[in-house]
Amino acid sequence: MAGVTDRAYRQIVKEFGVDLLVSEMVSAKGICYGSERTLDLLDFGEEERPIALQIFGSEPETMAQGAIAVAKLRPDFIDINMGCPTPKIVKNNDGAALMKDPELARQVVSAVVEAVDVPVSVKIRLGWDSDHINAVEVALQVEAAGAAFVTVHGRTREQFYRGQADYAEIARVKQALSIPVLGNGDVDSPQQAQRLLEETGCDGLLVGRAARGNPWLFRRIKHYLETGELLPEPTLSDKLEMIRTHGRLAAKYKGEAVAMKELRKHIGWYLKGAPHIAALRPRLNQVAALADLDEILQEYATQVLD
């Protein structure tokens, strides 16, 4: 979710009932080196609480030092990412690479827990590949190291995001631990959210990729779990207005030029499958100002909605 869960989008989904927000993951080394870009990713507002600031790394001392710096920002949690599968992360033994070394995973968590007075959570995967499913072992190690809760993504690193999440393996982690366990993977509808909770017994769930361009999903999930009633999908008009809102918030926090450039991918997610969008895409991919965005969206609304 790098490049997605920034302050603007977190603020949007908070309005749709999210109980816990998680920042983009940031490098503990980058924090220790004082990287301005890294530190910018940690910015959050009081309206976002409760929020976890997520860090990654595999050197216990560096992770501890990075966590100390993060703790000064007073997040509600510090989350350690041991699930990211991308090559540039795992090649440095970070992210999901830690699934291959449960002892090192324990040392990392222990170092962070001992260094800060903020609760520490951990996100893991099922294992490195199908021949090495060890989520229970890793989860027990991080629990022993003092983690407050664990999130389990129901795929191995080898799978990335292919295939289906294995809820049975997530359930094994839940059954083995005394601390709360959250499930993650394939939650793209209210019904799927209910299925995950029923099949895993988890204490909660996290939504990732399905939230891109779809903040309404959170409200629909919560309403369904509470009432059994399905709220309607957002209309095209809802999506166009949300793009405007997203653009204004992003410009507020990042400046108009940067915000419009980064918004382009979000627009693609918001309008995926919308009618006659192919002809509009070249203009949207070049949008550089809020005024231009409003003009393009108004023209499109007039063409499609009237």
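The values are calculated or read from the model by the stated rules, or taken from the named source; none is laboratory data. Since the model is a prediction, treat every value here as computed from it, not as a measurement. Cβ: placed from backbone, ideal geometry, glycine included. Neighbour counts: every protein chain shown. Each accessible area value is taken on the protein alone, full model and side chains, heavy atoms only, with ligands, DNA and RNA left out. Shrake-Rupley method; radii C 1.70, N 1.55, O 1.52, S 1.80 Å.
Within the accessible area of the chain, what % is carbon and sulfur when the probe is 1.4 Å and the other protein chains stay in place? Mind showing how you got there, number by number?
Values: 6780 of 13940 Å².
C and S fraction of accessible area: 49 percent.
Using θ = phi - 60° and the Karplus curve 6.51 cos²θ - 1.76 cosθ + 1.60, what whole-Hz ³J(HN,Hα) does each residue of segment 107-121 get, with Gly and Pro shown as x?
Result, rounded to whole Hz: 4, 4, 5, 4, 4, 5, 4, 6, 8, 10, 9, 9, x, 10, 10.
Using a 10 Å cut-off on Cβ atoms, rank the peptides 178-191, 98-111 from the highest mean neighbour count down.
Numbers: 178-191: 19.2, 98-111: 21.1.
Highest-to-lowest ranking by the protection proxy: 98-111, 178-191.
Just to confirm my numbers, what's the Cα centroid distance between segment 198-231 and segment 282-306 in Å?
The two parts, judged by their Cα centres, are 31 Å apart.
Multiplying the sequence separation of Leu305 and Arg162 by 0.36 nm and subtracting their Cα-Cα distance, what value in nm do you get? Show your work: numbers first, answer last.
Details: separation 143, 0.36 × 143 = 51.48 nm, distance 3.59 nm.
Separation in residues times 0.36 nm, less the Cα-Cα distance, equals 47.9 nm.
Ordered by residue, what ³J(HN,Hα) values in Hz, to whole numbers, does segment 240-247 give under the Karplus form 6.51 cos²θ - 1.76 cosθ + 1.60, where θ = phi - 60° and Gly and Pro are x?
5, 5, 5, 4, 4, 4, 4, x
Hey, what did segment 1-87 get for relative contact order, percent, Cα under 8 Å, at least 6 apart?
Details: 121 pairs, mean separation 25.7, N = 87.
Over segment 1-87, the number comes to 30 percent.
If you stretched the chain out fully between Leu230 and Glu137, how much longer would it get, using 0.36 nm times the residue separation minus the C-alpha to C-alpha distance? Write out the running numbers ahead of the final one.
Details: separation 93, 0.36 × 93 = 33.48 nm, distance 3.78 nm.
This chain segment gains 29.7 nm when fully extended.
For Lys174, go through the lysines and keep the ones whose alpha-carbon is under 21 Å away, minus same-chain ones fewer than eight residues off.
Those lysines meeting the cut-off are Lys100, Lys123.
Between Trp128 and residues 5 or more places away or on another chain, which pairs have amide H atoms under 5 Å apart, with H built 1.01 Å from N, and which residues are they?
Hits under the 5 Å cutoff: Asn134, Arg157.
Would you mind telling me the antiparallel percentage of the DSSP bridges in the chain, rounded to 5?
5
Taking only protein heavy atoms and a 1.4 Å probe, what accessible area per residue, in Å², does the chain have with all protein chains in place?
Values: 13940 Å² over 306 residues.
Computed with neighbouring chains in place, this is 46 Å² per residue.
Cross-chain or 8 or more residues apart, Cα under 19 Å: how many lysine pairs in segment 227-306 fit that? Count them up, please.
Numbers: Lys239/Lys261; Lys239/Lys265; Lys239/Lys272; Lys252/Lys261; Lys252/Lys265; Lys254/Lys265; Lys261/Lys272.
Here the count comes out as 7.
Compute the distance in nm between two label points, each set 7 Å from the Cα along the Cα-to-Cβ direction, one at Ser189 and one at Thr245.
Modelled inter-label distance: 2.4 nm.
Can you pull the one-decimal nm distance between simple spin-label points at Asp238 and Ala210, each 7 Å off the Cα toward Cβ?
In this crude label model, Asp238 to Ala210 measures out at 1.5 nm.
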